[in-house]
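Data first, discussion second: the structure below is written as structure tokens.
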Amino acid sequence: MIKSPLQKARAGYQPKLPQTLIGSVKIMEEGNSEPKTDKEEIKSLFPHTYGMPLLVFQESDEQKSFKPINVGIILSGGQAPGGHNVISGLFDGLKKLNSDSKLYGFLGGPSGLVNNQYQELTADIIDEYRNTGGFDIIGSGRTKLEEKEQFDKGLVNCKKLGINALVVIGGDDSNTNACVLAEYYKAIGAGIQVIGCPKTIDGDLKNKMIEVSFGFDTACKVYSELIGNIQRDAYSAKKNWHFIKLMGRSASHITLECALQTQPNIALISEEVEAKEMTLIQVVDSIADTIVKRANNGDNFGTVLIPEGIIEFIPQFKNLIQELNDLLAKYNDEFLSLETDQEKREFLAVKLSRESENLYDNLPNDISDQLILDRDPHGNVIVSRIETEKLLVKMVEKRLKIYRQEGAYKSKFTPQNHFFGYEGRCAAPSNFDTNYCYALGSTAAILITNEKTGYMTSVRNLVANAEDWVCGGTPITGMMNLEKRHGEMKPVIKKALVELDGAPFKFFAGHRDNWAINSKYIFPGPIQYFGPAEVCDAPSKTLVLENQ
Ligand code: FBP
């Protein structure tokens, strides 16, 4: 592949390492880690990996020697900037402890382990990918490692390669599966350790020991650059309202962080919409009212940030989706035999509860079609495909028409819509993610060579300089709780949603009325890799506020 000038310059960047990872390391134990809820159930499901201590690394003078070890690495789920640096950090960490150690990458995600598709990652391959975005070094996939048969096949494949440890780089679901795999391999004495690593741009894998998942920082900075550019355009042209949907699945962390970075006129936070039990109409009215207020001040332009998963947080919509899922499962054949979209809509509408029917009938046709025509392999509505930004534009337009008839709104409403997601997932990692990911990989190497299993790599104190970051491991069982999945209670890592009593949301809530009416836009500009630390190395605003 031909390298851009930036890639060439970036290849030489030496990630900043936490002081503790530079020389020899001793591992300190810091109390036991237990889940907040469902302790007994989790303990009985994970008897071999439950209740292990939290681990913190410290510098040591002792020079220990380590046996060579073969390690397999898996990238799981959506891309997130920095994945290649986790791999290079792991590679360098393993080689530092014993130059005969080997690293194998399983190809195309977890299925690579089951189907024995792999590649040995040698120094020249690793060097090509240092400090780059993307997951293309070995590819990623969304196959779930859940079945005993998959674990057993994986074991056979690991044995063939002499692999004694696996590193799973993934989000909450992938790390839940890593935990189940660690428990299983320990229970049967397979001799294979499993270490997880926190990845996801969504930022919803976090707790006391995992301050942020990698990729969140870069993705938010990319989206914020784009939002800032749009805001400057809006402020220059003074004629467009921009409705911008942002990836992030259920949680609104990305939207909140981008709002903190760019100070838009409106940012919807799903968790607040749910807490206030807002209806779709109330959400629409709140946007329309701000548009009217700004228009009365002569500002006929603005920005609205919309989290990807918002409609699932509107109780009314949640019920509608649930009813549609049930109806589509019950009447699948009859539904599929209908020819036109109109017939399909009408067929379902009359079977809905009165409240859901009312909502469904009031949706624009293309949105009600998106609700029923696209379904996932389980037959469920694919919420992330619903063009919420367009839905809100149409409904706001309708509301403004009424205001115009009433004489309350006299301006012209010119909406533009955008969806930012894939733009940020493979961006060249920010200095923060470059350093953080390299430290996560190096931390994984130390956990592995010290024979740990069932741990997630933990690098903390992230608002400090990289030299002062605190590294160690946290037992994955400590993050579990029981949740209903496909009708059964299952142990899963609890998804971290935006906390409405947390500092980032409170800061936003304390300023949003001002941002709504007065154009207080911030234009962050592109991520910088070379230059003053306050421009290049700043962590996310969310992290800073959480640590104040
Ligand atoms: P992960 O949770 O696997 O990190 O993926 C995050 C994400 O980018 C979400 O924000 C988004 O909803 C989803 O992936 C899109 O997935 P796909 O790439 O499969 O369309």
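Rounded to whole Å, the principal axis extents of the Cα atoms in region 1-160 read 56, 43, 31, largest first. The ranking of GLU406, GLU29, GLU397 by Cβ neighbour count inside 10 Å, starting from the fewest, reads GLU406, GLU29, GLU397. Taken as Cα centroids, region 79-95 and region 496-531 sit 31 Å apart, rounded to the nearest whole angstrom. What the Cα convex hull of region 184-232 gives, in volume per residue, is 93 Å³. Among CYS158, CYS220, CYS258, sorting on how many other beta-carbon atoms sit within 10 Å of each Cβ, with the fewest leading, yields CYS158, CYS220, CYS258. Exceeding 19 Å between C-alpha atoms, which entries from my cross-link table qualify? They are LYS293/LYS398; LYS8/LYS102; LYS144/LYS490; LYS64/LYS160. The answer is LYS8/LYS102; LYS64/LYS160.
Rounded to the nearest 5, the antiparallel percentage of DSSP beta bridges internal to the chain is 40%. For GLU499 and GLU277, a Förster radius of 22 Å and the Cβ-Cβ distance give a FRET efficiency of 0.75, rounded to the nearest 0.05. If you line up the long axis of helix 315-330 against the longest principal axis of the chain, both from Cα atoms, how many degrees apart are they, to the nearest 10? Roughly 80 degrees between the two axes. Of the trypsin sites (Lys or Arg not before Pro) in region 154-231, the ones in a loop by DSSP (not H, G, I, E or B) with at most 13 other beta carbons within 10 Å are LYS208.
Which angle from 0 to 90°, rounded to the nearest 10, does the C-alpha axis of helix 216-237 make with the longest principal axis of the chain? Relative to the chain, helix 216-237 is tipped by roughly 30 degrees. If you fit an axis through the alpha-carbon atoms of helix 253-262 and take the longest principal axis of the Cα set of the chain, what angle between them do you get, 0 to 90°, nearest 10? Approximately 70 degrees, to the nearest 10. Each helix, a run of at least 4 DSSP H residues, gives -39500 (n - 2.57); summed and divided by the residues of the chain, these come to -13500 deg cm²/dmol at 222 nm. Assuming a ≥ b ≥ c are the square roots of the Cα gyration tensor eigenvalues, decide whether region 367-520 counts as rounded (a/c under 1.5), prolate (otherwise, with a/b larger than b/c) or oblate. It is prolate, given that a/c is not under 1.5 and a/b is the larger ratio.
Within region 259-318, the trypsin sites (Lys or Arg not before Pro) that combine a DSSP coil assignment with at most 16 other C-beta atoms in a 10 angstrom radius are LYS276. Computed about the Cα centre, the dipole magnitude for region 350-508 is approximately 500 debye when only Lys and Arg (+1) and Asp and Glu (-1) carry charge, each at its Cβ. For region 34-73, the set of GluC sites (Glu not before Pro) satisfying both a DSSP loop assignment and a count of at most 16 other C-beta atoms within 10 Å is given as GLU62. Between GLU334 and ILE125, the FRET efficiency estimated from the beta carbon spacing at R0 = 51 angstrom works out to 0.40. Taking only the Cα atoms of the chain, the ratio Rg/Rh comes out at 1.00, with Rh defined as the Kirkwood radius. In this structure, the pairs whose alpha-carbon distance is over 22 Å, taken from LYS238/LYS412; LYS239/LYS401; LYS206/LYS276; LYS159/LYS186, are LYS206/LYS276.
Where a number appears in this text, it was derived from the coordinates with a stated rule and is not lab data. Treat the numbers as computed from the prediction; the structure is a model and nothing was measured. Cβ coordinates were reconstructed from backbone atoms using ideal geometry, including for glycine residues, and neighbour counts include every protein chain displayed.
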